[in-house]
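A quick write-up on the structure given underneath.
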Amino acid sequence: MKNPQDVWSLRENSRILLEALRLFFTKREKEIGNLCFDKDDQLAVEFVTAAANIRAASFGIPLHSLFEAKGIAGNIVHAVATTNAVIAGLIVIEAIKVLKNDIKSYRSNMPMFCLLFIPVRSGYLDFTWE
């Protein structure tokens with residue numbers, strides 16, 4: 001492998017992606033279907049970097065080096081967990097408004113959306129639409 005801070009060309013990304021797939025199917029066949037991404041797994045990082053760069057190239061997005069991709073991948077889990085927590089909190093706030101029958105302060109143009117997540121008995125809430 002070259003310097004991990006070099007950005008691979010599209011040709012190199014394609015070669016590395018195909019080689020990573022070959023290695024997964026020949027050396028780690030039993031793991032197929034049960035693989036978990038680990039930023040310390042060199043083969044997995046090379047595969048993800050090459051696949052991401054090929055996709056980025058097709059949309060005109062700048063390519064990243066293996067080093068950059070590894071850093072980005074290490075932050076994704078934290079970003080997803082944080083985003084999920086924020087969205088869950090916002091849904092709870094909207095649900096409280098529904099339970100208080102506070103229709104005027106809804107932040108959504110689909111105020112009934114949060115009811116999809118709350119079991120409500122028929123007739124429990126009295127909605128009046130204006």
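Side notes on the structure shown:
- Pairs, first open to solvent by less than 80 Å² (accessible area, probe 1.4 Å) in the stretch 87-100, second at pLDDT below 85 and of a type in the set (S, T, N, Q), C-beta under 7 Å, six or more apart: 94/108; 97/105
- Of all residues assigned to the stretch 70-81, none qualifies as being at pLDDT 85 or above, of a type outside the set (Lys, Arg) and assigned to a helix (DSSP H, G or I).
- Tally of residues being part of a loop (DSSP other than H, G, I, E, B) and within 16 Å of residue 73 (Cβ to Cβ) across the stretch 9-60: 7
- Filtered residues of the stretch 46-61 (kept if more than 20 Å from residue 21 (Cα to Cα) and in contact (Cβ under 8 Å) with a residue 12 or more places away in the chain): none
- When 35, 17 are screened for being open to solvent by 50 Å² or more (accessible area, probe 1.4 Å) and under 21 Å from the mean Cα position of the chain (by Cα), only 35 passes.
The values are calculated or read from the model by the stated rules, or taken from the named source; none is laboratory data. Predicted model, so just to flag it, every value in this text is computed and none were measured. Positions of Cβ are backbone-derived with ideal geometry, glycine not excepted, and every protein chain shown enters the neighbour counts. Ligands, DNA and RNA are stripped out before the accessible areas are found, and what is left, the full protein with its side chains, is counted by its heavy atoms. Shrake-Rupley method; radii C 1.70, N 1.55, O 1.52, S 1.80 Å.
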